[in-house]
Every structure is written in structure tokens, then in C-alpha cells.
Amino acid sequence: MFDTLLPRPVSAQPAPGSFHLDVTTSVQADPAAESAARWLRHTLGAATGLPLSPTPADGDIRFVVDPTVPGPEGYRLEITPDRVVVTASDPAGAFYAAQTLRQLLGAPAFRASVVHRGPWVLPCGRVQDRPRFGWRGCLLDVARHFMPKDGVLRFVDLLAAHKLNVLHLHLTDDQGWRMQIHRYPRLTEIGSWRAGSRVGAHRELVHDGRPHGGYYTQDDLREIVAYAAERQVTVVPEIDVPGHCQAAIAAYPELGNTPDERLEVWPFWGVNENVLNVADATVTFFCDVFDEVVDVFPSPVVCVGGDEVPTTQWERSPLARQRMAELGLSDPAGLHGWFVGRMAAHLADRGRRVLGWDEIGEVGALPPDAVVASWRGEEAGVTAALAGHDVVMCPEQRLYLDHRQSDHPDEPVPVGYLTTLQDVYRYEPVPAGLPAEAARHVLGAQAQIWTEHLDSPRRVDYAAFPRLAAFAEVVWSPAEGKDLTGFEQRLARHHLSRLDALGVEYRPLDGPRPWQTRPGVPGRPR
Ligand code: TNX
């Protein structure tokens, strides 16, 4: 029965017998594990209708924190006919044990209310578990298409159900600004919506003429952060600078390089030449923005973007040329590094580290404690790790879940590299041949869900699942014992029915359902 678990645990030994949950079953915890116990009572209480009372003190299901258990985030689970004991290295380990218990109870335990009357049975035995990597991330792009708050909370639950622990929220881009900033209200008044969107990956300008928008208030974001923290998920916010900023420039034209041309929030996809200017006032503006960001997001790491910054406007700008002279720069790309460096220094003063896309390693912008997101491949990650920087592996050839899942003729809006479920499962985050000293700098890996072509939570479900289940196993489970066939069997026999019970509209293994196709919307496969 332990061979249903996904991601696969470090080890599990079955024993004879089973533990039955009933109206008398209590769930009790050490103070350090109380949040995990509360989650279990709440979640299983809803699905089973059982009271799962927090007393007596030596409950039938008991959570204990013991730092001698291998961690971080580790747990030991011992199930006997009359007791379930979780011994966790820390609160996160206790939470992951609770997730494992829910999986062991079967798909009905994933429903939000009582449908099945039981019996609710846990198999006896022992599980020992801990993650392979500390950064088990997923980026959600809420800038290209907004995801309403309840969808984000649901997505956090789905990440936690797969033992993933970082939600990288891409909050701003050319096509929309999604975070309320008190000091600069026009960022959301003007920047949070656009007049329409490009349909598919047309090169021609085919427009749907349908306004799109939305934003989170700071209280919405604080709620997301707290909800995620209770589920051991850290929300890493991204404000992308100095490129991918047209929505901000539309709201505050003084941030841009084209004072005579009024820009709109961009209704198209792709790389955009409208980047920030390099005035002191623009640096100050974004320092103010990041002050509000750190106020809302306690994450030790804050993403400043730094990807895809065309220098065409700077080449023509007297202000940029003056700044280059002042800084002794011969290449305008140095301004990209300078801008990111200014943000990094500002965040460092506030006790935060920056995360940036791998371009920041090439433009002279890298403070020693910066974390590099290696996206254009693995090479930038290798270079950064060899130089002693921490890195998160996000290669677009392997971990971009907006990219097409198959060459099936009905695959909706097929863009990017072919990235099958099996390709994701086979991904190895530590590049071959990386010396051990550098491999220690690979914090983990991250799957990316960019949403140019995912215009609703239903489309995000389709792109994310089941590939995110394969990704969970890449970052959680030990490298030894990796077994594609075993994974596919667990997925098909046990895990998809959990996703069904949760209401996840994943891509069926044999291709999209008719209503998941997008006839006539062109992609652009690479
Ligand atoms: C590249 S990844 C981008 C994103 C796009 C994505 C589409 C990165 C740092 N930049 O802006 O959404 O490709 O797959």
C-alpha cells in the first residue's frame, strides 16, 4: 500500500495489519507540529466527517518533533493497529507526514466533503522520508493572465499536496501589473488591465478585442502568503526589471525612454523594447516598490527578474549615454547590470537576497549572495555554481510547463519545446559532471507556468498536471531508484484519481478531451 505514494518516499516497509480511523480517533501534536495536525484535522475532518479531536494528550494519531530525525523537512511515520506516530525533524516534516497520511487513505480523502462513509484505513508499516532538494519550486505567471485569488489559494494546496515548497509569483510584466502599491496607485489603476490580447502565437497582430485584467490588494497577497506558510510554501514575489515593464511605463510614462509616445499596457506577447530608463528617479521609484514588496512578502529571497532586456532604446537615449559615461561603461548592457545591482543593494539593506534570471550573470550585476535562475539552459547555472553562487535550475528545454506536452494534433496552442510527462520525470537537476563543491550550490529546481496561452485556471490545470506530479518526484525523491515505469503506474492507478477528487482538469495521459483543445488558435513549436 505504500507503493501508492507520490512523490516516492525515501523508504517504506509494510507490516501486517491496519489502523482504522473512526469517531473516537484523536489527533494530537507537540506545539511545533500543531499546524500540521490542524491541517490534517481540517482536511480529513471535511472528507471523512470524523471529529478527529485534539485530545487526549496521547492521541491515537500523534505528531512529535524530534530534531534527531534526519531533515530538514524529514519525517518518520509508524503505523500500528492501535496508533499512528509521526516523528518529524521540524514543522515542515510534520506537514509532509500529514500529506502522506492523506495519500494513504485513498482518493476519497481528497474530497471537500463527505461522499464516502469509509472505512478509513491506514496500512501498518513504517515510512522514512525527506526531500532531496530544499528548493522545490513552481513559477506561476499571473501577469500575462490574471488568476483570481481563490485560484491561487487552490494552486498552493495543489503544490503542497505534491510536497513542493516554493511558489514563485510573477506579478508584473509588459501585459499587466498585479500588485497594489500604495505609493503609486496608477500601477494598478492603469497597469492592471489591457484592452485586449493576442490570440495564440500569431506573428500577425490578431487581437481578441476583449479587455483583460485584475490585481491583488496587499491584503489579498498577505492572505496568500499566510495560507501558503501554513502549508510550508514560501511565496517568492517577482517584480521584473528593467525589461518586461511596459505596464508600469503605461501607468507612469516618466519611467520610460519615449517621453513623446504614450504607451498602452501591451496587448501582445514576446520580448519588448520598452524598458525602464536609467534616471535616478526611476531607481527610487522601484526602490519604493520593493519596500512595499518586502513589507508584504517575508520570503528571504525576492526576484528582480532581469531577463530579456533589449538595449535599443538606451543606445539612442542621451540620458543612458550620460549614465554610461558616468559609470565608465562601454556597452549599454552594463546599464542592465547596474539597474539590477541597485535593486539588489537596496534589498540587501533590507535583509533580502535577490533571485534573478540568468542574464544577470552576464551583465556584471551579480552580488555574491544572489541566486541565479538558470532558464536558457543549464550552462548559466553551471557557470554560476562553479563561481560559488546558489542556483535554481529552470531550463526552458525541460521545465517550462507552458510548452507543448505532445505532438498530438489536438494539443492546445502548441508552443515551445516538446516537454512530455516522461521528459519531465527524466530531468536531473544536478548537471552531469558538476564537481561536488559546485553541486552543493544547486538549491533545487523549478517548473515554470507562463500564461501567455493559458487564459484561465482550467488551462493552467491542463498545462500543470500531471507533469507537475513528475516534477515533484524529480525534486523530492532520491536519485537512486528512479523508475519511470513505476512512476507511470502509480500515477495512472492511484494519483490521477486523487487529482480527480480534487477537481483538477489535468491532461489525460492519451491526449486532450475535446473541450481542452483550441482549434484554430495557432502555436509556434520550437
Ligand atoms: C521566456 S523565462 C520568458 C517569459 C516567457 C516565456 C514563455 C523568462 C525569464 N522569460 O517572459 O513568458 O519565455 O515560455
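What the table shows:
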{"quantity": "Pair list, Cβ under 7 Å, 6 or more apart: the range 509-526 residue touching a residue at least 60 places away in the same chain (Cβ under 8 Å), other residue assigned to a helix (DSSP H, G or I)", "calculated": "LEU509/ALA492; GLN516/TYR462"}
{"quantity": "Residue count for the range 361-418, restricted to those that are within 14 Å of the ligand (Cβ to nearest atom) and hydroxyl-bearing (Ser, Thr, Tyr)", "calculated": "3"}
{"quantity": "Single residue of ALA436, ALA464 found to be of a type in the set (A, V, I, L, M) and farther than 18 Å from GLU378 by Cα", "calculated": "ALA464"}
{"quantity": "Search result, residues across the range 390-424 that are over 20 Å from ASP358 (Cα atoms) and surrounded by 20 or more Cβ atoms within 10 Å (Cβ to Cβ)", "calculated": "ARG404, GLN405, GLU411, PRO412, VAL413, PRO414, VAL415, THR419, LEU421, VAL424"}
{"quantity": "From the options GLY270, GLY200, residue that is within 16 Å of the ligand (Cβ to nearest atom), of a type in the set (Gly, Ala, Ser) and either within 21 Å of the chain's Cα centre (by Cα) or surrounded by fewer than 18 Cβ atoms within 10 Å (Cβ to Cβ) (or both)", "calculated": "GLY270"}
{"quantity": "Any hit, the range 82-98, residues being surrounded by fewer than 20 Cβ atoms within 10 Å (Cβ to Cβ), away from the ligand (no atom under 16 Å from the Cβ) and closer than 16 Å to LEU6 by Cβ", "calculated": "no"}
{"quantity": "Selected residue (criterion: surrounded by the most Cβ atoms within 10 Å (Cβ to Cβ)) from residues of the range 305-338 that are within 34 Å of the chain's Cα centre (by Cα) and polar (S, T, N, Q)", "calculated": "THR311"}
{"quantity": "Selection status of LEU347, more than 16 Å from the ligand (Cβ to nearest atom) and in contact with a strand residue (DSSP E or B) (Cβ under 8 Å, 6 or more places away or on another chain)", "calculated": "yes"}
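Results for (1) on the phi > 0 side of the Ramachandran plot; (2) polar (S, T, N, Q); (3) out of contact with any Cys (no Cβ under 9 Å at 6 or more places or on another chain), shown as yes or no for each residue.
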residue	(1), (2), (3)
LEU187	no, no, yes
SER192	no, yes, yes
ASP208	no, no, yes
GLY214	yes, no, yes
ASP219	no, no, yes
ILE224	no, no, yes
TYR227	no, no, yes
GLN246	no, yes, yes
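Where a number appears in this text, it was derived from the coordinates with a stated rule and is not lab data. These numbers come from a predicted model, not from an experiment. Methodologically, a virtual Cβ is constructed for each residue, glycine included, from the backbone with ideal geometry; neighbour enumeration extends over all protein chains shown.
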